[in-house]
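Quick notes on the structure that follows.
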Amino acid sequence: MKKLIAANWKMNKTAGESALFIGEFKKIIKNEKNADVVICPPFTALSAVSGELKGSGIKLGAQNMHFEDFGAFTGEISPLMLKELGCQYAILGHSDRREIGEKDGLINKKVISALKKGIVPILCIGETHEQRIKDETQDVLESQLTGCLKGVENISNVVVAYEPVWAISKGNPSQKAATKEDAEEAHLFIRKLLEGMYNEEAAKKTRIIYGGSMKPENAKELLAMPNIDGGLVGNASLNPKSFAEIVNSANK
Ligand code: PGA
């Protein structure tokens, strides 16, 4: 399966800075044909990035969205608005948003709405440090996955991002990622859950990507694991050189 490497810039980069990044990144990227590359800038930079990406094959994504198309939802952005700007992906249920109160039920509405609009949800799931030490990882992954995928028929239209919350850098470049063995174990578990919820064929076709301190130093070994189909990259995606190195290390 072709890998998917997505940049999650979080609340970083103005529109001007984002456009400069894309110009730089396009010059140094080598084998983007070996991977689908998605850039998820802040909402305010979507338009500028969309313009810069034209004709490049690199795709655009949002970091969140509301589930309704329009209405009295102050401060929200709808899937229609994202579509108009050329967004093909949306990160949904990121732990940064779960931390401020997003629950599986709301994330589920967003996933359904994105699919209806032809936006590919990058659905984030993952356990916290406390949950891991209490040996609750598998229960957490199962309840987040079943809660967020209620009513989703075609699972292979969804990208699942396994993001162990304890491995996310929060901007700290020396934060350690999950080991390739621990990540692979969780990915295999998620694949098996999908097999049970759907079927073997559908589970095999669904991309399960890893997020949490992926960087040039560890991307190659993580991406070489059989059940790791790509990466969701935060901190290391803010620099065009390090993000390009990650993309270039993705296998065919
Ligand atoms: P990180 O972020 O690569 O900085 O750990 C990943 C994410 O939160 O999506």
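The values are calculated or read from the model by the stated rules, or taken from the named source; none is laboratory data. As the structure is a prediction and not an experimental result, all values here were calculated from the model. A quick note on method: Cβ atoms are made from the backbone with ideal geometry, for glycine too, and the neighbour counts reach across all protein chains shown. Accessible surface is based on the protein model in full, side chains and every heavy atom, while ligands, DNA and RNA are left aside. Shrake-Rupley method; radii C 1.70, N 1.55, O 1.52, S 1.80 Å.
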Filtered residue count, segment 132-165, keeping only those that are in a helix (DSSP H, G or I) and touching an Asp or Glu at 6+ places or on another chain (Cβ under 8 Å): 8
When only residues in segment 175-184 that are surrounded by fewer than 17 Cβ atoms within 10 Å (Cβ to Cβ) and in a loop (DSSP other than H, G, I, E, B) count, which is farthest from the ligand (Cβ to nearest atom)? Thr179
The one condition in (1) within 16 Å of the ligand (Cβ to nearest atom); (2) in contact with a Leu (Cβ under 6 Å, 6 or more places away or on another chain) that Asp69 fails to fulfil: (1)
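Which of the residues that make up segment 105-124 are in a helix (DSSP H, G or I), away from the ligand (no atom under 16 Å from the Cβ) and surrounded by 13 or more Cβ atoms within 10 Å (Cβ to Cβ)?
As a first pass, look at segment 105-124 and keep what is in a helix (DSSP H, G or I): 105-116.
Narrowing further to those that are away from the ligand (no atom under 16 Å from the Cβ): 105-106, 108-116.
Result: Leu106, Asn108, Lys109, Lys110, Val111, Ile112, Ser113, Ala114, Leu115.
Restrict the check to segment 141-162 and report whether at least one residue is exposed (fewer than 12 other Cβ atoms within 10 Å of the Cβ) and under 19 Å from Leu188 (Cα atoms). Explain how you work it out, then say what you get.
Here is the first cut: in segment 141-162, the ones exposed (fewer than 12 other Cβ atoms within 10 Å of the Cβ) are 151, 153-154.
Then drop every residue that is not under 19 Å from Leu188 (Cα atoms), which leaves none.
Within segment 141-162, not a single residue is exposed (fewer than 12 other Cβ atoms within 10 Å of the Cβ) and under 19 Å from Leu188 (Cα atoms).
Tally the residues that are under 21 Å from Phe243 (Cβ atoms) and either aliphatic (A, V, I, L, M) or at pLDDT below 95 (or both), restricting the search to segment 200-222.
In the first step, residues of segment 200-222 are kept if they are under 21 Å from Phe243 (Cβ atoms); the result is 207-222.
Imposing the further condition that a residue be either aliphatic (A, V, I, L, M) or at pLDDT below 95 (or both) reduces the set to 208-209, 214, 219, 222.
Number satisfying all stated conditions: 5.
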Spot the failing condition for Glu102; the list is (1) charged (D, E, K, R); (2) assigned to a loop (DSSP other than H, G, I, E, B); (3) within 16 Å of the ligand (Cβ to nearest atom); (4) open to solvent by 40 Å² or more (accessible area, probe 1.4 Å), and only one is missed. (4)
Read through the list (1) open to solvent by less than 20 Å² (accessible area, probe 1.4 Å); (2) in a helix (DSSP H, G or I); (3) of a type in the set (D, E, K, R), then give the number of the only condition that Glu127 fails. (2)
Report every pair of residues separated by at least 6 positions or lying on different chains whose Cβ atoms are under 7 Å apart, first residue within segment 1-17 and more than 16 Å from Tyr89 (Cβ to Cβ), second away from the ligand (no atom under 11 Å from the Cβ) and aliphatic (A, V, I, L, M). Lys13/Ala45; Thr14/Ala45; Ala15/Ala45; Ala15/Ala48
From the list Glu163, Glu185, exactly one residue is in contact (Cβ under 8 Å) with a residue 60 or more places away in the chain and acidic (Asp, Glu). Which is it? Glu163
Residues that are in contact with a strand residue (DSSP E or B) (Cβ under 7 Å, 6 or more places away or on another chain) and either polar (S, T, N, Q) or touching a residue at least 24 places away in the same chain (Cβ under 8 Å) (or both): does segment 194-205 have at least one? no
Go through (1) modelled with pLDDT of 95 or more; (2) in contact with a strand residue (DSSP E or B) (Cβ under 8 Å, 6 or more places away or on another chain) one by one and return the number of the condition Asn34 breaks. (1)
Is at least one residue of segment 160-168 more than 18 Å from the chain's Cα centre (by Cα) and hydroxyl-bearing (Ser, Thr, Tyr)? no
Note down all Cβ pairs under 7 Å where the first residue falls in segment 231-243 and is of a type in the set (Phe, Trp, Tyr), the second is near the ligand (Cβ under 10 Å from one of its atoms) and in a strand (DSSP E or B), and they're at least six residues apart or on different chains. Phe243/Ala7; Phe243/Val233
Filter segment 187-217 for residues that are under 18 Å from Gly234 (Cβ atoms) and open to solvent by less than 20 Å² (accessible area, probe 1.4 Å); the one that is farthest from the ligand (Cβ to nearest atom) is Ile208
Here are Asn248, Asn157, Asn235, Asn172: which of them is within 11 Å of the ligand (Cβ to nearest atom), within 24 Å of Leu60 (Cβ to Cβ), among the polar types (S, T, N, Q) and out of contact with any Phe, Trp or Tyr (no Cβ under 9 Å at 6 or more places or on another chain)? Asn235
